[in-house]
Structures are given as structure tokens and as C-alpha cells.
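Worksheet for the structure shown next.
The values are calculated or read from the model by the stated rules, or taken from the named source; none is laboratory data. A quick note: this is a predicted structure, and the numbers were derived from the prediction, not measured. All Cβ positions, glycine included, derive from the backbone under ideal geometry; neighbour counts span all protein chains shown.
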């Protein structure tokens with residue numbers, strides 16, 4: 001048995017026991033990212049009526065300006081980034097660079 005493997009399992013079980021949610025089941029989210037996301041959002045996501053509202057709060061959705069069915073400009077709004085949005089961006093970047101079915 002390898003010690004890092006056991007340590008990862010303990011951290012995952014500990015996070016799940018404390019918060020009641022297994023955030024590390026999301027591909028690319030590891031222990032520090034899970035702690036950052038849970039510290040910013042908490043476990044009760046009922047503050048946001050839908051997933052669109054949550055993604056907008058994270059500032060991860062583009063500001064598409066559409067005219068005549070064509071996108072004129074697309075950029076992210078300038079907001080103060082929160083720790084959760086940075087954690088999601090880092091996880092997505094890591095998954096995109098990894099050599100697996102999501103990274104291709």
C-alpha cells in the first residue's frame with residue numbers, strides 16, 4: 001500500500017462526512033479545490049434558483065451580444081473573481097491538459 005493513496009481516501013471520506021456531499025466525485029476536483037469550493041458556497045446551493053444563476057455568480061458564463069442570430073462579441077464580465085470560480089477554472093484547465101477521455 002502506498003501512503004498517498006491512503007491519505008487521499010481519508011481526505012475524501014473526511015470531506016464527505018463533514019459536508020455530506022462528495023464534491024471530489026467531480027472529475028478534476030481534488031482536496032484543495034473541494035475545500036475552496038465548499039468554503040465559498042457551502043453545501044446548501046438553494047441560494048441559486050438554477051444552475052445558470054450559479055454559473056453566472058461564478059462569472060464562468062460569457063456575455064454574448066447577439067444581433068441577427070450572430071454573436072457580435074463574447075467576453076466575461078469584469079467581476080471580482082471569487083475563490084470558487086478560480087478553483088473551477090483550475091480544475092477545468094487540469095482536466096483539459098490531462099491524457100484521458102475528457103482531455104482530448
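The table for this structure:
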| quantity | calculated |
| --- | --- |
| Elements of type helices (runs of 4 or more DSSP H) in the stretch 1-68, at least 1 residues being surrounded by 16 or more Cβ atoms within 10 Å (Cβ to Cβ) and at pLDDT 85 or above | 31-41, 51-57 |
| Any pair with Cβ under 7 angstrom, 6 or more apart, that starts in the stretch 90-103 at a residue that is on the phi < 0 side of the Ramachandran plot and modelled with pLDDT of 80 or more and ends at one that is surrounded by 13 or more Cβ atoms within 10 Å (Cβ to Cβ) and in a helix (DSSP H, G or I) | 90/33; 91/33 |
| Among residues of the stretch 32-57, those that are in contact with a helix residue (DSSP H, G or I) (Cβ under 6 Å, 6 or more places away or on another chain) and under 17 Å from residue 92 (Cβ atoms), counted | 6 |
